[in-house]
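For reference, the structure is listed below as structure tokens.
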């Protein structure tokens, strides 16, 4: 009977699932409401901003009599981080896959009528048809399926040429656009799962290093095997698929234009403003999420390399071996009926405690009197000198940002090296650093490879610089460039 097995599985999920614990928490409505509001416009929030916002909400709830505890906002945030509902890195907070699951579950309860049977059936039929075609080993069968698909497309083309334009009904438009939103909203959860899997991979490998005492060759092979395994998971394959989409300028630009086209139609009125904003910024959000995954992967690789090369793994293993020996000695003493509180002559040399008072501090002697005999007094001038103008001849970050925006609007997504080919860098490293600051400010996707950039200084001297590869696109820039933090 399956009942006992299912009961055991759900009982295990009840005790182990962090998402279930979040939904069962006493203050679950407060947590979910705060997370949904905090990350409604961006995927990363500074810890200090989250603490101030939560503190203000707690004060308001206490004044209304809806919250009675005196727990501080800082304590709540740290508690949620330890519970796995939030993640903190470099003083920035992000949602985890656990909180994504809980929020999506609550959103599904409130939007039960969104996914209709007709819309789901159409998606299933199309997926089954495409999958059956690629699975068939028979060329004739594949050709027949493609010919059938070709005939359907040709009939639609002939109808359009004949002036027959079939419009979707109001209900069908509502089904289709809401289904698009539902599918798109799941994508960010895939990136959260990739982050969790990378961290679990890091933790498992460190434990393996400590337990096995493997040499560097075995460690490197284990890293490569787990990296390959990470790419085969559902979340990893979803990330790899989007990365290939991001690198394909034609496909990413086509998807971006199609989303803007849909949102400009009356059918977009079936979505609320928040859902429309999410679809409008989907490509920008996915670019930021992919950049974050690459950043976490690089941090993990650097941490593992430091952990291995710095000898921390060997030190931890030596400590664990010593503790195991001490435990075995303690067990032997216990089995021999030795009194563990027997006084011995052993002692640990810890040194003496030194206490200093302010009176024992030695003050520095004052500097000798400054000799000003050779200094001549100069009158202030209202006319700036040529030397001052030379000092003011610096790179203006806003001009660099405008130049980059014009280039990507005209030519599509580009890297800094491609922009430099169109607009050669004439102000040396300062101008190159300005482009890098613009790329960082707009959260441009950082690719793993490096690129070479030709830079010219003000004297015309040319040199080549190797920089990280950032992919900039027009949709990453805000409507008002003054909003950029440069």
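The values are calculated or read from the model by the stated rules, or taken from the named source; none is laboratory data. Bear in mind the structure is a predicted one, so any value in this text is a computation, not a measurement. Glycine gets a Cβ as well: all are built from the backbone with ideal geometry, and neighbour counts include every protein chain shown.
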**Message:** Being farther than 27 Å from residue 268 by Cβ and outside any helix (DSSP H, G or I) is the filter here; which residues of the stretch 145-173 pass it?
**Reply:** 162
**helices (runs of 4 or more DSSP H) (entirely within the stretch 378-486) containing at least 2 residues that are closer than 21 Å to residue 294 by Cα and at pLDDT 85 or above** = 416-422, 429-441
**Asked** Can you find a residue in the stretch 40-52 that is in contact (Cβ under 8 Å) with a residue 60 or more places away in the chain, in contact with a strand residue (DSSP E or B) (Cβ under 7 Å, 6 or more places away or on another chain) and part of a helix (DSSP H, G or I)?
**Response** no
**Fill in**
residue 58 meets each of (1) surrounded by 18 or more Cβ atoms within 10 Å (Cβ to Cβ); (2) within 15 Å of residue 100 (Cα to Cα); (3) more than 20 Å from the chain's Cα centre (by Cα) with one exception, condition (2)
**Request:** Any residue in the stretch 161-183 that's in contact (Cβ under 8 Å) with a residue 12 or more places away in the chain: show its pairings with residues that are not in a loop (DSSP other than H, G, I, E, B) at Cβ separation under 6 Å, as long as the two are six or more apart or on different chains.
**Result:** 173/267; 174/270; 175/119; 177/267; 177/270; 179/119; 181/275
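When you look at residue 441, is it farther than 21 Å from residue 255 by Cβ, outside the structural domain of residue 289 (by TED's automatic domain parsing), surrounded by 13 or more Cβ atoms within 10 Å (Cβ to Cβ) and out of contact with any strand residue (DSSP E or B) (no Cβ under 9 Å at 6 or more places or on another chain), yes or no?
Working: farther than 21 Å from residue 255 by Cβ: yes; outside the structural domain of residue 289 (by TED's automatic domain parsing): yes; surrounded by 13 or more Cβ atoms within 10 Å (Cβ to Cβ): yes; out of contact with any strand residue (DSSP E or B) (no Cβ under 9 Å at 6 or more places or on another chain): yes.
So residue 441 passes the test.
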**Asked** Checking residue 311 against (1) modelled with pLDDT of 60 or more; (2) under 39 Å from the mean Cα position of the chain (by Cα), which single condition isn't satisfied?
**Response** (1)
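Condition check ((1) more than 20 Å from the chain's Cα centre (by Cα); (2) part of a helix (DSSP H, G or I)) across all residues:
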| position | (1), (2) |
| --- | --- |
| 6 | yes, yes |
| 14 | yes, yes |
| 70 | yes, no |
| 88 | no, no |
| 98 | no, yes |
| 104 | no, yes |
**Item:** Where residue 100 falls short, out of the listed (1) under 26 Å from residue 283 (Cβ atoms); (2) at pLDDT 85 or above
**Value:** (2)
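Tell me the residue from 80, 85 that is surrounded by 16 or more Cβ atoms within 10 Å (Cβ to Cβ), at pLDDT 80 or above and touching a strand residue (DSSP E or B) at 6+ places or on another chain (Cβ under 6 Å), please.
Values: 85 fails: touching a strand residue (DSSP E or B) at 6+ places or on another chain (Cβ under 6 Å).
Step by step, each of 80, 85 is checked, and only 80 is surrounded by 16 or more Cβ atoms within 10 Å (Cβ to Cβ), at pLDDT 80 or above and touching a strand residue (DSSP E or B) at 6+ places or on another chain (Cβ under 6 Å).
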**Among the residues listed as 178, 122, 142, 129, the single one being assigned by TED's automatic domain parsing to the domain that holds residue 289, part of a helix (DSSP H, G or I) and at pLDDT below 85** = 178
**Message:** For the stretch 13-24, check the following and say yes or no: at least one residue is exposed (fewer than 11 other Cβ atoms within 10 Å of the Cβ) and at pLDDT 85 or above.
**Reply:** yes
**Request:** Return the pairs, sorted by first residue and then second, in which the second residue is surrounded by 13 or more Cβ atoms within 10 Å (Cβ to Cβ) and in a loop (DSSP other than H, G, I, E, B), the first residue lies in the stretch 12-29 and is touching a residue at least 40 places away in the same chain (Cβ under 8 Å), the beta carbons are less than 6 Å apart, and the residues are 6+ apart or on different chains.
**Result:** 18/84; 22/85
**Request:** For residues that are surrounded by 14 or more Cβ atoms within 10 Å (Cβ to Cβ) and in contact (Cβ under 8 Å) with a residue 12 or more places away in the chain, tally how many sit in the stretch 395-428.
**Result:** 22
